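Report on the following structure.
The values are calculated or read from the model by the stated rules, or taken from the named source; none is laboratory data. Note that this is a predicted model, so its numbers are computed, not measured. The area values use the complete protein model at the heavy-atom level, side chains included, leaving out ligands, DNA and RNA. Shrake-Rupley method; radii C 1.70, N 1.55, O 1.52, S 1.80 Å.
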Amino acid sequence: SLLTHPNVVHVFDLGRVDKSHYIAMEHIYGRDLTRTVRKLRAQGEKLPLRFAVYIVACMARGLAYAHSRCSSDGASLGIVHRDISPHNIMLSFEGQVKVLDFGIARVEGTVAGGAEAQPGGGKFAYMSPEQASGKDVDSRTDVFACGIVLYELLVNHRLFQHPDPEEKLRRVVDAEVPDPRPEAPEVSERLWEILQKALARDPDDRYQEATDLE
């Protein structure tokens, strides 16, 4: 509810009615990125490269804003989304791109959202190696997730995929990222370099801020 940015879905109110809790959020007339990509795949198509890059740049702007938020006394809130995936990216029919669902976001080391279904919260396929390993995370874990989303938009399929959950987790932890250009020849050498840096296994080797990825 503290976040007000063009690339973040705004929360207007939250509370409880009897035993039911609610969150009143900004309504976005559009579709989430997952549904958009699935529709394109069903038609044998994928997002043009310029749209894929634009969407991820907007995601990075919204996340950079959240990461930089401070309390009233000027101390960093340390907000980390931790669950960036196409499902949590809204595309309005007017061309807006908005990040939503900070439900498991970490604020100053505290996890909002209760018990976690996966180590470190979030979905295995969109975790950073440190998150999948159950280690402490910071804003660089969201940078890694942005890299995953961009990679998948370019090649039109999951980066980390395998029917065996343990093997999928191993691929995430090892950060196995194949060159996308055999499947997406429109990807330039420079864009591949950007992907490699965003998807570096070691957080120290990644872009240190979402603004750097933007």
>> Per residue, how large is the accessible surface of the chain? Use a 1.4 angstrom probe and give square angstrom.
In response: 52 Å²
> For the range 146-180 and the range 43-69, what is the separation of their Cα centres, given in Å?
Replying inline: 18 Å
> What is the set of long-range amide H partners of residue 30 at a cut-off below 5 Å, with H atoms built 1.01 Å from backbone N?
Replying inline: 93
> Around residue 8, which amide H atoms from residues at least 5 apart in sequence, or from another chain, sit under 5 Å from its own amide H, with H modelled in the peptide plane?
Replying inline: 99
>> Give me the percent relative contact order of the chain, please, defined on Cα pairs under 8 angstrom at least 6 residues apart.
In response: 20 percent
> When only C-alpha pairs under 8 Å and at least 6 residues apart count, what is the relative contact order of the range 1-48, in percent?
Replying inline: 22 percent
> What helices does the chain hold that run 15 Å or longer along their axis, going by alpha-carbon atoms, with a Kyte-Doolittle average of -1.0 or more, using DSSP H for the helix calls?
Replying inline: 49-67, 139-155
> Between residue 25 and residues 5 or more places away or on another chain, which pairs have amide H atoms under 5 Å apart, with H built 1.01 Å from N, and which residues are they?
Replying inline: 12
>> Below 8 Å between Cα atoms, with a sequence gap of 6+, how large is the relative contact order for the range 41-92 in percent?
In response: 21 percent
